[in-house]
Amino acid sequence: MAKFQFDLVGPEKLLYSGMVDQVDVPGSEGDFGVLAGHAPLVAMLRPGIVTITENGAQVRAMVGGGFAEVGPNGLTLLADFAMPTDQVDGAVLAGQIKDLEEDVADAAEGAARDRAAHRLDQLRAVQAVLGR
Amino acid sequence: MASLKDMRVRIAATKATQKITKAMQMVAASKLRRAQAAAEAARPYAERMERVLSNIAGSVADINSAPRLLAGTGKDQVHLLVVCTAERGLCGAFNSSIVRLAREKINFLVGHGKTVKILCIGRKGADQLRRQYGSMILEVVELRVKTLGFDHAEKASEKIQYLYEKGEFDIATLFFSRFRSVVQQIPTALQIIPPVFEAAASESAPTISYEYEPDELDILTELLPRNIAVQLFRALLENAASEQGARMSAMDNATRNAGEMIRKQTITYNRTRQGMITKELIEIISGAEAL
């Protein structure tokens, strides 16, 4: 299977860089898979799980929003926050969800509340996938 | 002439100073390693961010419909200078060289009839600029933190964007020190609003036509504020590494100078002591002869 270059970059460091078979990306408009030879694309990310397939083995990482760029040199994910799933602290995630729940409860009707609610749904989805 | 006791006290004092500078040098060296690693780890993100952004910016057909953060206000009357310096001194010419660069820019702009506003990040730069340009300083942000996180840069960048939204300035320039090596830090000025893409436009002239999901404008409105935070974060990290590098070499010099001083003072001390012994001996001998 053809491989392509994949980089997962967080603001503080480079998390993953290498040749991979396939990457499944949580895009803001829906999940999409990237294979070698994908058309050039710039997409926004939502908080979710990135699945990296390399030689049949799968590596998963959590991202907290950001951008994906598919170019001639491969795929680059610029994540606001990125971490391998096995390092994600369930308690921290639960704490964030709790904060957001409070935000949603406190916020008046309007855009701010919708945003918080939206983000809450996304984080809940992540929590469900991780099973913690 | 100083008495022997005074000289002994003096030597002891110099030795104490040397111990302090030596300790500071070693602390700076270990902090430098961490700061340097952090600065280098953050480079890929900032570089790729810039590349993606310049690609998108290049493909925006109508510059006037682009967000104001990209297109600018169309004027260049009011300049905001974001001067990033250290919180602490004793690091050689680190702070002064950044301030000098900023000062040159201020004088240039003022000479051309522009209005200048200053946002200081770091206390030391503010102290130096306040004397001459106190009325231009909008705010001083102090960063008294152990480890610099992305959220610090985000907060500062929100402040800058808030000012921009209010129409407080037209062009923002970032001043910081780029870390080249322990002995070489380069004071740098970087324009962040509106962003300038060096050579990107000409180099990738036949730009790849990207697909956007969601559309270009949505992405740009998300990406541009992030870019400011990222560039600021990068500047702060580079600054942190530069500061430690500068402090390390400054303290190394100071330690060496103190050693030199101790050597000279010890020689003078020994000479004086010998002179006094000789004088006493002569007094005793001539006293004995007189009998």
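The values are calculated or read from the model by the stated rules, or taken from the named source; none is laboratory data. Bear in mind the structure is a predicted one, so any value in this text is a computation, not a measurement. Cβ placement follows ideal geometry from the backbone for every residue including glycine, while neighbour counts extend to all protein chains displayed. Just the protein is used for accessible areas: all its heavy atoms, side chains included, with ligands, DNA and RNA removed. Shrake-Rupley method; radii C 1.70, N 1.55, O 1.52, S 1.80 Å.
To the nearest 0.05, how large is the calculated FRET efficiency for A:S17 and B:A189 if R₀ is 35 Å and r is the Cβ-Cβ distance? With a Förster radius of 35 Å, E is 0.65.
The distance from the alpha carbon centre of the range B:4-82 to that of the range B:222-291 is 28 Å, rounded to a whole number.
Only protein heavy atoms count here; under a 1.4 Å probe, A:I49 has an accessible surface of about 30 Å².
Among rounded, prolate and oblate, which fits the range A:44-113 when a ≥ b ≥ c are the square roots of the eigenvalues of its C-alpha gyration tensor, a/c under 1.5 means rounded, and a/b larger than b/c means prolate? Oblate, because a/c is 1.5 or more while a/b does not exceed b/c.
Axis of helix B:123-133 versus longest Cα principal axis of chain B: the two differ by about 80°, to the nearest ten degrees. Starting from the Cα gyration tensor of the range A:9-78, take the square roots of the eigenvalues, sort them a ≥ b ≥ c, and report rounded, prolate or oblate (rounded when a/c is under 1.5, otherwise prolate if a/b is larger than b/c, else oblate). Note, shape of the range A:9-78 comes out rounded.
For the residue pairs B:K31/B:K159; A:K13/B:K105; A:K13/B:K124; B:K124/B:K159, the alpha carbons lie more than 23 Å apart in B:K31/B:K159; A:K13/B:K105; A:K13/B:K124. Listed by chain and number, the aspartates and glutamates whose C-alpha is less than 19 Å from the C-alpha of B:K114, apart from same-chain residues fewer than 8 away, are B:D76, B:E104, B:E168, B:D170. Ranking B:E154, B:E243 by solvent-accessible area of protein heavy atoms (1.4 Å probe, all protein chains present), from largest to smallest, gives B:E154, B:E243. Kirkwood radius and radius of gyration were both taken over the C-alpha atoms of the range A:88-130, and their ratio Rg/Rh is 1.01. Max-minus-min Cα coordinates of chain B on each principal axis give 112, 39, 32 Å, with the largest extent listed first. Choose one of B:M49, B:T268, B:A37: the residue whose Cα lies farthest towards the positive end of the charge dipole of the protein assembly as shown (beta-carbon charges +1 Lys, Arg; -1 Asp, Glu; about the Cα centre). The residue sitting farthest along the positive end of the dipole is B:T268. Based on C-alpha pairs under 8 angstrom that are at least 6 apart in sequence, chain B has a relative contact order of 32 percent. Projected onto its three principal axes, the C-alpha set of the protein assembly as shown covers 114, 58, 49 Å, listed from the longest axis down. For the range A:40-132, relative contact order (Cα pairs under 8 Å, six or more residues apart, normalised by length) works out to 25 percent. For B:K75 and A:A128, what is the calculated FRET efficiency with R₀ set at 41 Å and r taken between the beta-carbons, to the nearest 0.05? E between B:K75 and A:A128, to the nearest 0.05, is 0.20. For a straight C-alpha distance cut-off of 28 angstrom, the lysines reachable from B:K5 (same-chain residues fewer than eight places away being disregarded) are B:K15, B:K19, B:K22, B:K264, B:K279. For chain A, compute Rg over Rh where Rg is the Cα radius of gyration and Rh is the Kirkwood radius from the inverse mean 1/r over Cα pairs. Rounded to two decimals, Rg over Rh is 1.01.
Principal axis analysis of the Cα atoms in the range B:1-160 yields extents of 81, 39, 21 Å, listed in decreasing size. Of the residues B:K19, B:K114, B:K146, A:K98, the one with the largest accessible area comes first in the ranking B:K146, B:K19, A:K98, B:K114, computed with a 1.4 Å probe on protein heavy atoms.
Normalised by the number of residues in the range A:88-130, the average gap of Cα pairs under 8 Å and 6 or more apart makes the relative contact order 45 percent. Taken as Cα centroids, the range B:85-123 and the range B:166-182 sit 10 Å apart, rounded to the nearest whole angstrom.
Accessible surface ranking for B:M26, B:M49, B:M248, 1.4 angstrom probe, highest first: B:M26, B:M248, B:M49. How far, in degrees from 0 to 90, does helix A:111-130 lean away from the longest principal axis of the Cα atoms of chain A, to the nearest 10? That works out to roughly 60 degrees. Surface analysis of chain B yields an accessible area of 54 Å² per residue, using protein heavy atoms and a 1.4 Å probe. Using the rule -39500 (n - 2.57) for each DSSP H run of four or more residues, divided by the residues of chain B, the 222 nm mean residue ellipticity is -22500 deg cm²/dmol. Within the straight-line cut-off of under 13 Å between alpha carbons, the aspartates and glutamates reachable from B:K166 are B:E158, sequence neighbours fewer than 8 places apart in one chain being disregarded.
Rounded to the nearest 10 degrees, the inclination of helix A:90-106 to the longest alpha-carbon principal axis of chain A is 50 degrees. With a/c under 1.5 counting as rounded, go ahead and sort the range B:1-84 into rounded, prolate or oblate using the C-alpha gyration tensor (a ≥ b ≥ c being the square roots of the eigenvalues; past the cut-off, prolate if a/b is larger than b/c, else oblate). Oblate, since a/c reaches 1.5 and b/c is not below a/b.
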